[in-house]
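J.: Before I ask anything, here is the structure I am working with.
None of the figures in this text is laboratory data; all of them are computed from the coordinates on show. No experiment lies behind these values; they were computed from the predicted model shown. A quick note on method: Cβ atoms are made from the backbone with ideal geometry, for glycine too, and the neighbour counts reach across all protein chains shown.
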Amino acid sequence: LNVKVLFALLLTAAAAEGQSFHQGNCPQPSVQENFNVTQYMGTWYEVEKLPAMFERGKCNQATYSLLDDGTVKVRNVELANGKISSIEGVAKVKNSSQPAILDVSFFRGVPDAPYWVLSTDYHSHALVYSCSDYFGLFHIDFAWILARTRVLTGDIILQLHDKLAAAGVKVNRLTVSDQTGCDVMT
């Protein structure tokens, strides 16, 4: 299988899943300065995201809790077809000099996924970015606007869109997350 055929197949598969697939390497956006992982702990609700084939439901939320070894337990939950679905993983700071850059793992034997906190005020909103390079030919990226509540004001969302756009993310591809009818999640 030559590289051009592989590239075309991957492009077709990514497009079919609505993934954010791009030629070339991942951008390198700046991350939250002086990131405090302890303040970041708790539950965050997904407000907007780039399409992700691994998120099919609604009421998406993530709860982070600090573990004794300094890693972070990640519990992602969604409501899919009327049933609560969850997955747990572990995130770890990749380099202590850049604590806003973490790697998260949900499955043994599968490479860790990047989890970059681009911006957060810890108490109302966070902006997260993930990007993986493939063979130096293309990359697939993900982005999430998160909040401590199920909604954010329009002005904050616009500010976060500006930050994503400055990072090279195509904000016109963001989708609004469905956070309605989520009472069963509590």
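J.: What are the ³J(HN,Hα) couplings of region 82-95, residue after residue, when phi is run through the Karplus curve with 6.51, -1.76, 1.60 and θ = phi - 60°? Round to Hz, x for glycine and proline.
T.: Computed from phi, the couplings for region 82-95 are x, 10, 7, 10, 9, 9, 10, x, 10, 10, 9, 5, 6, 9 Hz.
J.: Beta carbons within 10 angstrom, averaged per residue: use that to sort the peptides 32-38, 45-51, highest first.
T.: 45-51, 32-38
J.: If you don't mind, another one. Provide, in order from the shortest bin, the percent of all Cα-Cα pairs of region 41-89 in each 10 Å bin, continuing until the bin that contains the maximum pair distance.
T.: Calculated over all Cα pairs of region 41-89, the distribution is 25, 51, 21, 3 percent.
J.: Moving to a separate point now. Given the peptides 52-58, 136-142, arrange them by the average over their residues of other C-beta atoms within 10 Å, most packed first.
T.: The densest-packed peptide leads the list: 136-142, 52-58.
J.: Got a sec to turn the phi values of region 112-124 into Karplus ³J(HN,Hα) couplings, 6.51 cos²θ - 1.76 cosθ + 1.60 with θ = phi - 60°, whole Hz, x for Gly and Pro?
T.: Whole-Hz 3J(HN,Hα) from phi for region 112-124: 4, 9, x, 9, 9, 8, 6, 7, 7, 10, 6, 10, 10.
J.: Skipping prolines and chain starts, which residues have an amide H placed within reach, meaning under 5 Å, of the one on residue 138, given they are 5 or more residues away or on another chain?
T.: Result for residue 138 returns 24.
J.: What list of ³J(HN,Hα) values in whole Hz, one per residue of region 180-185 in order, does the Karplus curve 6.51 cos²θ - 1.76 cosθ + 1.60 (θ = phi - 60°) give from phi, with Gly and Pro shown as x?
T.: Taking θ as phi minus 60°, the curve returns 9, x, 9, 4, 5, 6 Hz for region 180-185.
J.: Mind checking the dipole of the chain: about its Cα centre, +1 per Lys or Arg Cβ, -1 per Asp or Glu Cβ, Debye to the nearest 20?
T.: It comes to approximately 300 debye.
J.: Would you please state the base-10 log of I(q)/I(0) at q = 0.11, 0.14, 0.15 1/Å for region 59-140, with intensities from the Debye formula using one equal scatterer on every alpha carbon?
T.: Ignoring solvent entirely, the Cα scatterers give -0.35, -0.57, -0.66.
J.: When the helices in the chain are scored as -39500 (n - 2.57) per DSSP H run of 4 or longer and the sum is shared across all residues, what 222 nm value do you end up with, to the nearest 500 deg cm²/dmol?
T.: -5000 deg cm²/dmol
J.: Which whole-number percent of Cα pairs in region 117-163 have a distance greater than 14 Å?
T.: 53 percent
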